[in-house]
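> Take this structure, written in structure tokens, and hold onto it; I'll ask about it next.
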Amino acid sequence: MDNRPIGFFDSGVGGVTTIPHIMRMLPNESIIFFGDTARTPYGSKSAKTIRQFTLQIGKFLRNNDVKMIVIACNTVSSTALELLRKTYTDIPIVGCITPTAKEVVKICDKDSRIGIMATKATVKSGVYEDKIKSLNRELFIKSIACPALVPLIEEGIIDNEIMDLTLRYYLDDFIKENDINTLILGCTHYPLISKNLKRLYPDIKIFSSSKEVATAVKMELEAADILSDKENAKSIFYASDLSENFVNMIERILGRDSDELNIKFKNLDI
Ligand code: DGL
């Protein structure tokens, strides 16, 4: 048993999409979330910069005595997971790629034409293809970088024509040319636009991994015997730029008013 909080982080608000699953599956767990809204997006930055930011956030979470770190960001998971694991050998570090890849292999077969939407950094790393192919070499996979999506989502530009046009700009030809029938949301921001995707591409299976990440967290906590039994677990949401949008998006994702949530500014003293 371990009642210390779990630390989650992302470049921005996207990683919060994993939190409702955690709250449902593990109601006794306290959560410290950090969104690096001052420096988002990470996906178009170099691996060196992403690793440097990751170490700063890791230090902040560790200073808050977390018992586990969850990288609720595919970009960081594909670029700096091993670095974080080497830095903090005494606590479990959970990323997004392996839980997602394992589920993709379960739900797909030889007839699946898999398209992975992700940031530039995630696509460039090739880790999704490598991981999925290592589990099933026969699957057809193509990836596409969609760098304009995260800035739009962070701005709250979701339920409108601009988002739809941007999605069509990236995906129409990609889907047609590769005969894609399954789209994997390889970025934790993208569950926020899954409604747009379902409306624009009703015949395509859309797979978001937020729930799989939560399941992986649960399994790791059980394996290490560090589940919490705290009655009134608390969550704190930190952002490096406490914008109105960050607050609005958290309210939207968690379906709660900000008055009921503990949302704070945290400068990482860069
Ligand atoms: N949510 C992050 C991910 O899963 C977004 C990265 C970005 O900031 O570009 O990759």
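> Criterion first (part of a helix (DSSP H, G or I), among the charged types (D, E, K, R) and either within 15 Å of the ligand (Cβ to nearest atom) or surrounded by 21 or more Cβ atoms within 10 Å (Cβ to Cβ) (or both)) does R62 satisfy it?
On the way: part of a helix (DSSP H, G or I): yes; among the charged types (D, E, K, R): yes; either within 15 Å of the ligand (Cβ to nearest atom) or surrounded by 21 or more Cβ atoms within 10 Å (Cβ to Cβ) (or both): no.
For R62, the condition - part of a helix (DSSP H, G or I), among the charged types (D, E, K, R) and either within 15 Å of the ligand (Cβ to nearest atom) or surrounded by 21 or more Cβ atoms within 10 Å (Cβ to Cβ) (or both) - is not met.
> Can you tell me which condition T166 does not meet? The list is (1) within 17 Å of I22 (Cβ to Cβ); (2) of a type in the set (S, T, Y); (3) in a helix (DSSP H, G or I), and all the others hold.
It is condition (1) that T166 fails.
> Moving to a separate point now. So F246 passes all but one of these: (1) outside any helix (DSSP H, G or I); (2) out of contact with any helix residue (DSSP H, G or I) (no Cβ under 6 Å at 6 or more places or on another chain); (3) not hydroxyl-bearing (S, T, Y). Which condition number does it fail?
The single condition F246 does not satisfy is (1).
> Okay, moving on. Test of understanding: among V213, V127, which residue is within 15 Å of the ligand (Cβ to nearest atom) and under 14 Å from the mean Cα position of the chain (by Cα)? Outline the logic, then answer.
Details: V127 fails: under 14 Å from the mean Cα position of the chain (by Cα).
Exactly one of V213, V127 is within 15 Å of the ligand (Cβ to nearest atom) and under 14 Å from the mean Cα position of the chain (by Cα), namely V213.
> Something else: Suppose we keep only residues that are assigned to a strand (DSSP E or B) and under 16 Å from P99 (Cβ atoms) within the range 3-31. Which one would you say is farthest from the ligand (Cβ to nearest atom)? Talk me through it step by step, then tell me what you get.
Step one: filter the range 3-31 for residues assigned to a strand (DSSP E or B), giving 6-10, 31.
Still in the running and under 16 Å from P99 (Cβ atoms): 6, 8, 10.
Numbers: I6: 18, F8: 11, D10: 5 Å.
The residue in question is I6.
> So which residues in the range 86-106 are part of a helix (DSSP H, G or I) and surrounded by fewer than 16 Cβ atoms within 10 Å (Cβ to Cβ)? Talk me through it step by step, then tell me what you get.
Just the residues of the range 86-106 that are part of a helix (DSSP H, G or I), to begin with: 86-87, 97-106.
Of everything in the range 86-106, those that are part of a helix (DSSP H, G or I) and surrounded by fewer than 16 Cβ atoms within 10 Å (Cβ to Cβ) turn out to be K86, T87, K106.
> Which pairs have Cβ atoms under 6 Å, sit 6 or more apart or on different chains, and link a residue in the range 32-54 that is touching a residue at least 60 places away in the same chain (Cβ under 8 Å) and near the ligand (Cβ under 10 Å from one of its atoms) to one that is of a type in the set (D, E) and part of a helix (DSSP H, G or I)?
As it stands, the answer is T40/E154, since those pairs meet every condition given.
> Considering only the range 9-32, how many residues are farther than 17 Å from E154 by Cβ and in contact with a helix residue (DSSP H, G or I) (Cβ under 7 Å, 6 or more places away or on another chain)?
The initial filter retains those residues of the range 9-32 that are farther than 17 Å from E154 by Cβ, namely 20-32.
Subsequent filtering for residues that are in contact with a helix residue (DSSP H, G or I) (Cβ under 7 Å, 6 or more places away or on another chain) retains 20-22, 25-26, 29, 31-32.
Summing the residues that are farther than 17 Å from E154 by Cβ and in contact with a helix residue (DSSP H, G or I) (Cβ under 7 Å, 6 or more places away or on another chain) in the range 9-32 gives 8.
> Does P151 meet the test of being within 16 Å of the ligand (Cβ to nearest atom), farther than 16 Å from F207 by Cα and either of a type in the set (V, I, T) or touching a residue at least 40 places away in the same chain (Cβ under 8 Å) (or both)?
The answer is yes for P151.
> Among the residues in the range 186-196, are any assigned to a helix (DSSP H, G or I) and over 19 Å from R252 (Cβ atoms)? Talk me through it step by step, then tell me what you get.
The initial filter retains those residues of the range 186-196 that are assigned to a helix (DSSP H, G or I), namely 190-196.
Restricting the remaining residues to those that are over 19 Å from R252 (Cβ atoms) gives none.
No, there is no match, as no residue in the range 186-196 is assigned to a helix (DSSP H, G or I) and over 19 Å from R252 (Cβ atoms).
> Checking F33 against (1) closer than 22 Å to N267 by Cα; (2) surrounded by fewer than 24 Cβ atoms within 10 Å (Cβ to Cβ); (3) under 16 Å from the mean Cα position of the chain (by Cα), only one condition comes out false. Which one?
Tallying (1) closer than 22 Å to N267 by Cα; (2) surrounded by fewer than 24 Cβ atoms within 10 Å (Cβ to Cβ); (3) under 16 Å from the mean Cα position of the chain (by Cα), F33 fails exactly one: (2).
> Further, regarding this structure: Could you list, in sequence order, all residues of the range 163-183 that are in contact with a Gly (Cβ under 7 Å, 6 or more places away or on another chain) and within 16 Å of the ligand (Cβ to nearest atom)?
L183 - this is the single residue of the range 163-183 that is in contact with a Gly (Cβ under 7 Å, 6 or more places away or on another chain) and within 16 Å of the ligand (Cβ to nearest atom).
> Restricting attention to the range 134-162, and to residues there that are within 21 Å of the chain's Cα centre (by Cα) and in a helix (DSSP H, G or I), which single residue is farthest from L242 (Cα to Cα)? Walk me through it before giving the result.
At the first step, the residues of the range 134-162 found to be within 21 Å of the chain's Cα centre (by Cα) are 141-159.
In the following step, the residues that additionally are in a helix (DSSP H, G or I) were identified as 149-154.
Details: L149: 20, V150: 17, P151: 16, L152: 17, I153: 16, E154: 12 Å.
Out of the qualifying residues, it is L149.
The numbers here are math on the coordinates, done by the rules we state, and not lab data. Note that the structure is predicted; figures quoted are calculated from it, not measured. Cβ coordinates were reconstructed from backbone atoms using ideal geometry, including for glycine residues, and neighbour counts include every protein chain displayed.
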